[in-house]
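**Student:** Okay, handing you the structure first.
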Amino acid sequence: MEAALNRVEQGIRALFAFATPIDLQLANQYLSSKELDAFQKMSRADQLHSLNVLRTVMKQRESVPLPLAVAALMHDVGKCRCHLTVWQKTLAVLVKHLIPSLADRLGREENLSIWRAPFVVRSRHAQWSGEILRACCADEVAVWLVEHHQADILAHRDHPQATLLQCLQRADEAC
């Protein structure tokens with residue numbers, strides 16, 4: 001129930017993103033100029049979400065390693081490859097919650113039609129985000145975190161960056 005409430009709040013924030021200022025100063029503290037350029041290509045709602053994820057990470061930890069801060073800010077940058085409307089994002093969330101197998105099946109193809117795009121973006125954006133970060137010459141730890149931010153943490157519990165991944169995932173879920 002809490003996850004559903006978080007998603008509703010996220011949708012409301014997305015609707016009013018146009019009226020919320022973007023704290024580029026905070027992003028600039030952690031991102032290279034190439035990364036900042038990529039960050040600014042994200043939708044306003046995704047920029048605000050990413051800044052909120054970073055702030056949540058900062059509340060969780062005494063000190064935030066640079067790769068974790070970069071990952072918090074850039075985990076959704078792959079979504080800029082296909083900007084979605086609020087109704088499309090809502091559709092993907094609802095179907096993933098109600099019929100996960102259908103959402104997974106719809107997200108397997110690279111078909112970016114109006115109805116499939118939300119599922120493709122949901123399933124591929126982590127990979128796309130990693131590709132964008134690599135093109136920005138980002139730190140490999142940040143790239144790994146971004147590429148795995150939607151992965152099952154149990155599958156990576158023995159990875160050297162598992163603690164950072166868990167922190168990123170908790171913050172993303174909370175925002």
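**Student:** State the volume of the convex hull built on the alpha-carbon positions of region 11-107, expressed per residue in Å³ and rounded to an integer.
**Tutor:** Working: hull volume 11.9 nm³, N = 97.
For region 11-107, the hull spanned by Cα atoms encloses 122 Å³ per residue.
**Student:** Using a Förster distance of 22 Å, how high is the FRET efficiency between D23 and A135, based on the Cβ-Cβ distance and rounded to 0.05?
**Tutor:** Working: r = 24 Å, r/R0 = 1.11.
Efficiency computed from Cβ-Cβ geometry: 0.35.
**Student:** Moving to a separate point now. Farthest toward the dipole's positive end in region 32-111, which of V57, L94, S32, given Cβ charges of +1 (Lys, Arg) and -1 (Asp, Glu) about the Cα centre?
**Tutor:** So the residue furthest toward the plus end is L94.
**Student:** A follow-up question, please. So, in nm, how far is label R157 from label S63 when the simple model puts each one 7 Å beyond its Cα toward the Cβ?
**Tutor:** 2.8 nm
**Student:** Going highest first, how would you order 70-78, 92-100 by mean Cβ packing within 10 Å?
**Tutor:** Numbers: 70-78: 28.3, 92-100: 15.1.
Those peptides, ordered most packed to least, come out 70-78, 92-100.
**Student:** I need to check one value: relative contact order of the chain, counting alpha carbon pairs closer than 8 Å and at least 6 residues apart, in percent. Intermediate results must be reported in sequence, preceding the final value.
**Tutor:** Details: 202 pairs, mean separation 45.0, N = 175.
Reported as a whole number, the value is 26 percent.
**Student:** Using a 1.4 Å probe, how large is the accessible area of E110, given in Å² and rounded to the nearest 10?
**Tutor:** Roughly 110 Å² of E110 is accessible to a 1.4 Å probe.
**Student:** Per residue, how big is the convex hull around the C-alpha atoms of the chain? Give it to me in cubic angstrom, could you?
**Tutor:** Values: hull volume 20.2 nm³, N = 175.
Convex hull of Cα atoms, per residue: 115 Å³.
**Student:** State whether region 136-175 is rounded, prolate or oblate according to the following rule on the C-alpha gyration tensor (a ≥ b ≥ c being the square roots of its eigenvalues): a/c under 1.5 gives rounded; otherwise a/b larger than b/c gives prolate, and the remaining case gives oblate. Write out the running numbers ahead of the final one.
**Tutor:** Working: a/c = 2.07, a/b = 1.22, b/c = 1.69.
Note, shape of region 136-175 comes out oblate.
**Student:** For K89, go through the lysines and keep the ones whose alpha-carbon is under 21 Å away, minus same-chain ones fewer than eight residues off.
**Tutor:** Counting by Cα, and skipping residues close in sequence, K89 has these lysines nearby: K41, K79.
**Student:** Run the dipole for region 89-137 about the Cα centre, Lys and Arg Cβ at +1, Asp and Glu Cβ at -1, nothing else charged, and hand back the magnitude in debye, nearest 20. Don't jump to the answer; show the numbers that get you there.
**Tutor:** Values: 8 positive and 4 negative charges, 22 e Å.
The dipole of region 89-137 has a size of about 100 debye.
**Student:** I've got another one for you. Where does the charge balance sit around C167 when Lys and Arg score +1, Asp and Glu -1, over other residues with C-beta under 14 Å from its C-beta? Can you show the working numbers first?
**Tutor:** On the way: positive: R55, K59, R61, R157, R170; negative: E62, D172, E173.
Surrounding charge for C167 is +2.
**Student:** Using only DSSP helix segments of four residues or longer, with each worth -39500 (n - 2.57), what per-residue ellipticity at 222 nm results for the chain after dividing by its residue count and rounding to 500? Walk me through the numbers on the way to the answer.
**Tutor:** Working: 10 runs with 114 residues, N = 175.
Dividing the helical sum by the residues of the chain leaves -20000 deg cm²/dmol.
**Student:** Oh, and also: Leaving ligands and nucleic acids out of the surface, order W128, W87, W144, W115 by accessible area at 1.4 Å, largest first.
**Tutor:** Numbers: W128 15, W87 110, W144 40, W115 160 Å².
Ranked from most to least accessible, the order is W115, W87, W144, W128.
**Student:** Any chance you could run the full-extension gain for E109 through W87? It's 0.36 nm times the residue separation minus the Cα-Cα distance, nm to one decimal.
**Tutor:** Working: separation 22, 0.36 × 22 = 7.92 nm, distance 2.04 nm.
Gain on extension, E109 to W87, equals 5.9 nm.
**Student:** With every protein chain left in place and a probe of 1.4 Å, what is the accessible surface of R122, to the nearest 10 Å²?
**Tutor:** 70 Å²
**Student:** Another question about this same structure. Using only Cα atoms, figure out Rg for region 66-123 and give it as a multiple of 2.2 N^0.38 Å.
**Tutor:** Numbers: Rg = 12.5 Å, N = 58, 2.2 N^0.38 = 10.3 Å.
Normalised Rg, Cα atoms only: 1.21.
The values are calculated or read from the model by the stated rules, or taken from the named source; none is laboratory data. Bear in mind that the values here come from a model prediction, so they are computed numbers and not experimental data. For neighbour counting, all protein chains shown are included, and Cβ atoms are generated from backbone atoms with ideal geometry for every residue, glycine included. Ligands, DNA and RNA are stripped out before the accessible areas are found, and what is left, the full protein with its side chains, is counted by its heavy atoms. Shrake-Rupley method; radii C 1.70, N 1.55, O 1.52, S 1.80 Å.
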